[in-house]
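For reference, the structure discussed in these notes is given below.
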Amino acid sequence: MNAQPSTKTRGLDEAASANRVADQAVRRVANRVANRVVVSSHRCHRDGFTLLEVLLVIALVGVLLAFIYPDLQVALRARRLEESCDRLRSMLIMCRARAMEEGVRYRVQFPGTPDPLDKFADKEVDVPVKTVQPEIYRQDQPIDFPESFARVNDDWTKEPILMDGVRCVRVHGGRPDNELLAGALPTQDKTEYVSLTFNTDGTCSDWVTFVITDLPFDEKDEEDQNITRIYNLIVDGRTGESWFQRKLRKNTELKVLDQYKASPVLHMDFKDDTPITEENIYILGPSPSERSAGATKGGR
C-alpha cells in the first residue's frame with residue numbers, strides 16, 4: 001500500500017506549480033512588450049523621409065522663394081523708408097517739445113549744412129552717397145549770444161534715425177512748391193541743405209521739407225517714376241506740424257489737384273501709391289487754415 005504524500009510535500013508542489021504559472025505569465029507579457037517595440041520601430045522607420053523626398057521638398061521651397069522674394073524685398077525696402085521717416089519725425093517732435101520746455105531754441109541739420117548766418121557760405125552741398133544721420137544743436141548762451149548753438153550729445157540723440165540705404169538728398173527751406181513735391185531727385189552732384197530751427201513757442205524759423213529716398217546714388221530718377229520710393233517730410237513753419245507724403249505724379253495728379261483747387265501740400269501722411277483721380281479726390285483738399293486764408297486773400 002503506497003504512502004500518501006505529506007502535507008508539507010503537497011505544499012511544496014503547489015508552490016512550484018504557482019511559480020511555473022507566474023514565470024509563464026511574465027514571459028508572455030515580456031514577449032508582448034517586445035513585439036510592440038518591434039512594431040513601433042518598424043512604423044517609425046516607415047514614417048521617415050527618403051533622401052529623394054527631402055530633395056524634392058527643398059526644390060519646391062526654392063521655387064516658391066523665387067516667386068516670393070522680389071515682393072518680399074520690395075516690402076522690406078518700403079518698410080525701411082517709412083520707418084526712417086517715422087524716426088525723423090519723432091526726432092523733430094522731440095526737439096520741438098524740448099525747445100518749448102527748456103525755453104531755448106533747438107536746431108536740426110545734416111552734416112555739411114551751411115551756417116545760416118554766413119551770407120557768403122556756399123548754399124549747396126554734395127549729394128550724400130550713403131546714409132548720413134542728422135545732427136541736433138541747442139542754444140548754449142541764449143541771453144548773451146542768442147545765435148550760438150552747441151551740439152547736443154544726450155543719449156536720445158545718439159540713436160540712428162535713417163536706416164541703412166535711406167538718404168536725405170535735399171532739405172528745402174520755404175513752402176514746398178509743385179516742382180519739389182513732384183519733381184525728380186537732384187541730377188547733379190550738388191543739392192540744397194538748410195537747417196530747421198524750433199523756437200520756444202513751438203513754431204519754426206521757416207517751412208522745411210526733407211526729401212528722403214531709398215534709391216541708390218547711381219540710380220536715375222525721372223518724373224512720375226519711383227513714386228513710393230521718395231517721401232517728402234514737410235514741417236509747417238507756422239505751427240511746427242509735420243507729416244510726410246510720397247512724391248506726386250506731375251503729369252496727372254498735380255493736374256487733378258489743381259482742377260479741384262486742392263493744395264499739393266496735403267497736411268496729412270500720404271503713402272498710398274494709388275493714383276489721385278477725380279474719383280478719390282475727396283480724401284484730399286486744402287486744410288482749414290488754408291481755406292480760411294484763401295477766403296481772406298481771394299485765393300490759395
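The values are calculated or read from the model by the stated rules, or taken from the named source; none is laboratory data. What you are looking at is a predicted structure, and each value in this text was computed from that prediction instead of being measured. Neighbour counts run over all protein chains shown; Cβ positions are idealised from the backbone, glycine included.
Observations
- Checked against (1) closer than 27 Å to residue 252 by Cα; (2) basic (Lys, Arg); (3) modelled with pLDDT under 90, residue 175 meets all criteria but (3).
- Residue list for region 192-214, restricted to those being small (Gly, Ala, Ser) and either closer than 24 Å to residue 82 by Cα or under 26 Å from the mean Cα position of the chain (by Cα) (or both): 195
- Flag if residue 253 is within 24 Å of residue 186 (Cα to Cα), at pLDDT 90 or above and of a type outside the set (Lys, Arg): yes
- Tally, over region 148-162, of residues that are in a loop (DSSP other than H, G, I, E, B) and crowded, with 16+ Cβ neighbours inside 10 Å: 3
- For residue 82, the conditions (1) farther than 30 Å from residue 228 by Cβ; (2) modelled with pLDDT of 85 or more all hold with the exception of (1).
- Filtering region 212-250 to residues that are under 18 Å from residue 179 (Cα atoms), hydroxyl-bearing (Ser, Thr, Tyr) and at pLDDT 90 or above leaves 213, 231.
- For region 133-147, a residue qualifies if it is surrounded by fewer than 15 Cβ atoms within 10 Å (Cβ to Cβ) and either part of a strand (DSSP E or B) or touching a strand residue (DSSP E or B) at 6+ places or on another chain (Cβ under 7 Å) (or both), and the qualifying residues are 140, 146.
- Subset of region 158-182 that is β-branched (Val, Ile, Thr) and within 19 Å of the chain's Cα centre (by Cα) - its residue that is farthest from residue 222 (Cα to Cα): 161
- Entirely in region 195-262, the strands (runs of 3 or more DSSP E) that have 2 or more residues that are touching a Leu at 6+ places or on another chain (Cβ under 8 Å) and hydroxyl-bearing (Ser, Thr, Tyr): 208-213
- Some residue of region 99-115 being among the basic types (Lys, Arg), part of a loop (DSSP other than H, G, I, E, B) and at pLDDT below 85: no
- Residue pairs whose Cβ atoms lie under 8 Å apart, sitting 6 or more positions apart in sequence or on different chains, and linking a residue in region 201-217 that is under 29 Å from residue 138 (Cβ atoms) to a partner that is of a type in the set (Ser, Thr, Tyr) and in a strand (DSSP E or B), are 204/197; 205/197; 211/231; 212/231; 213/231.
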